[in-house]
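In what follows, a single structure is set out as C-alpha cells and then discussed.
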Amino acid sequence: KVSNDYWFLFENSELAPDGSEAAKYLVVNRGKFNQSIGKEKVDKRLSKGFEQKLMMILYGRDTKTTAKELDQMKKDITALKLDHGKSLLSQVNIAKVVLADKPDQLITVCEKELSQIPAEEFPYFMLVYKAKEKATPAQMARWIKLGKKVVAKAQDPKFKESMEQFVNSLAEKK
C-alpha cells in the first residue's frame with residue numbers, strides 16, 4: 001500500500017479525506033511513505049488537509065469550527081512536524097481571530113504572523129477584502145503597511161506585481 005502504485009489513493013484528499021481510514025493509514029505509515037514517495041510529497045499531502053480547512057475559515061465559509069477544534073489542529077500540526085508547520089500554525093492563529101470576529105485583533109495577529117508565512121501563502125487578499133468594509137482609517141493604514149511588507153517579502157514576480165497593485169489601490173481609496 002505504501003508504494004508509488006497506490007499513492008494516488010492517499011494523495012487525493014477526496015479519496016482519503018481527513019479522518020478516513022486511508023488518511024489514518026497515511027499518518028501511521030508516514031515513515032514508509034516518506035521512503036517510497038518522498039518526504040516532500042507526503043508532507044505536502046498532509047499539509048493540504050489543514051490548508052483547505054483553514055482557507056474555508058479565512059474565506060468565511062466555515063463559521064462552525066470552534067476554537068477548541070483549532071487548538072486540536074495546532075496539536076496535530078505540531079505532532080506531525082511538517083515542513084510547513086510554522087506557516088500552518090500561524091494560519092491557525094489568524095483563523096482563531098477570524099472565527100472570534102475580532103477585527104481589532106486581526107490586524108495585530110496578521111502583523112505578528114507574517115514572519116512565519118511565505119508571502120505567497122499569506123491570506124492578505126481575503127482578509128483585507130473582508131476587513132476593509134468596517135475598518136477605521138487607522139486600521140486601513142495598518143493593513144496597507146502590512147500589504148507593503150507582503151510585497152517586499154514576495155518571491156514570485158507575478159504575485160508581487162498583483163499584490164503591489166492591490167495595495168496601491170487600497171492606498172488610493174484611503
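The values are calculated or read from the model by the stated rules, or taken from the named source; none is laboratory data. None of the values given here were measured: they were computed from a predicted structure. No Cβ is skipped: glycine too gets one built from the backbone with ideal geometry, and neighbour counts run over all protein chains shown. Note: accessible area is taken over every heavy atom of the protein model, side chains too, but ligands, DNA and RNA are not part of it. Shrake-Rupley method; radii C 1.70, N 1.55, O 1.52, S 1.80 Å.
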**Complete:** Screening Lys48, Lys53 for residues that are within 22 Å of Pro123 (Cα to Cα), open to solvent by 60 Å² or more (accessible area, probe 1.4 Å), touching a helix residue (DSSP H, G or I) at 6+ places or on another chain (Cβ under 8 Å) and not in a loop (DSSP other than H, G, I, E, B) leaves only Lys53
**Asked** Here are Lys130, Lys74: which of them is in contact with a Gly (Cβ under 8 Å, 6 or more places away or on another chain), of a type outside the set (A, V, I, L, M) and surrounded by 16 or more Cβ atoms within 10 Å (Cβ to Cβ)?
**Response** Lys130
**Message:** Can you list residue pairs whose Cβ atoms sit under 6 Å apart, with the first residue in the range 107-122 being within 21 Å of Asp83 (Cα to Cα) and the second being outside any helix (DSSP H, G or I)? Count only pairs 6 or more apart in sequence or on different chains.
**Reply:** Ala119/Ala154; Glu120/Asp156
**Item:** Segments classed as helices (runs of 4 or more DSSP H), wholly inside the range 77-147, with at least 1 members that are over 15 Å from the mean Cα position of the chain (by Cα) and of a type outside the set (A, V, I, L, M, F, W, C)
**Value:** 103-113, 124-131
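May I ask you to say which residue of Asp83, Asp156 is in contact (Cβ under 8 Å) with a residue 40 or more places away in the chain and either open to solvent by 60 Å² or more (accessible area, probe 1.4 Å) or in contact with a Ser or Thr (Cβ under 6 Å, 6 or more places away or on another chain) (or both)?
Values: Asp156 fails: in contact (Cβ under 8 Å) with a residue 40 or more places away in the chain.
None of the others qualify; the one that does is Asp83.
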